Each structure stands twice: as structure tokens, then as C-alpha cells.
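Asker: One structure is given below, represented as C-alpha cells, and several questions about it will come after.
The values are calculated or read from the model by the stated rules, or taken from the named source; none is laboratory data. These numbers were taken from a predicted model, which means no experiment stands behind them. Cβ: placed from backbone, ideal geometry, glycine included. Neighbour counts: every protein chain shown.
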Amino acid sequence: MLSVGGRINYDCYILFPNHHEGLRLYRELKAAGVRCTIAPPPRAATSFCGISLLVSEDLIEPARQVIERCGVKVEGIARIPRKASASGCK
């Protein structure tokens, strides 16, 4: 796990019932200026393949506001401890 100043950092994965909802939210988040990345859902969060959106922990509240405003269907938001990359940099 990656920690800064003793605090564990988390990544938030927004999970969807289908690709259409994921791509719809991706477009809405980009239009609202909320940084996100299309990613496979983490195994720790679901056994399903498909799409998720990776959002940094500090942007999850703005992302929730966009979800509420747009009415995009989500399965949930998984908060997963961030792991350090092989090079030691994130």
C-alpha cells in the first residue's frame, strides 16, 4: 500500500451494470472537469469483467454529484488501497 505521511491513499473505482452506463458517466465527468480513467474493475471489488472508472479519492465527491445530476446507474463505488508501482512511483 502506498502511504504519504502515514496516511494510506485510496483509489475509487466506480462500478457499472453495463458498458453503456460507464461510457456515459465517463463523458459526463470529463465535461464537468472531473479527472477519471477507464479501467477494468478490480478483483477485490467484483468478479465481473467489464468497465469501471478510476477516480482519485479527492475527486469522488464531485463525481458523486455528477452521478446524481445525470442519473447514471452505478453498481457502487469501491475504495481500494493504492499500491505502489514497480518503479516506486505513482
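Asker: In segment 55-71, what residues are modelled with pLDDT under 95 and surrounded by 15 or more Cβ atoms within 10 Å (Cβ to Cβ)?
Answerer: Correct list: Ser56 only.
Asker: In this structure, does Ile77 turn out to be among the β-branched types (Val, Ile, Thr), out of contact with any Ser or Thr (no Cβ under 8 Å at 6 or more places or on another chain), part of a helix (DSSP H, G or I) and at pLDDT 90 or above?
Answerer: no
Asker: Return only the number of the condition from (1) at pLDDT 95 or above; (2) surrounded by 14 or more Cβ atoms within 10 Å (Cβ to Cβ); (3) hydrophobic (A, V, I, L, M, F, W, C) that Ala31 does not satisfy.
Answerer: (2)
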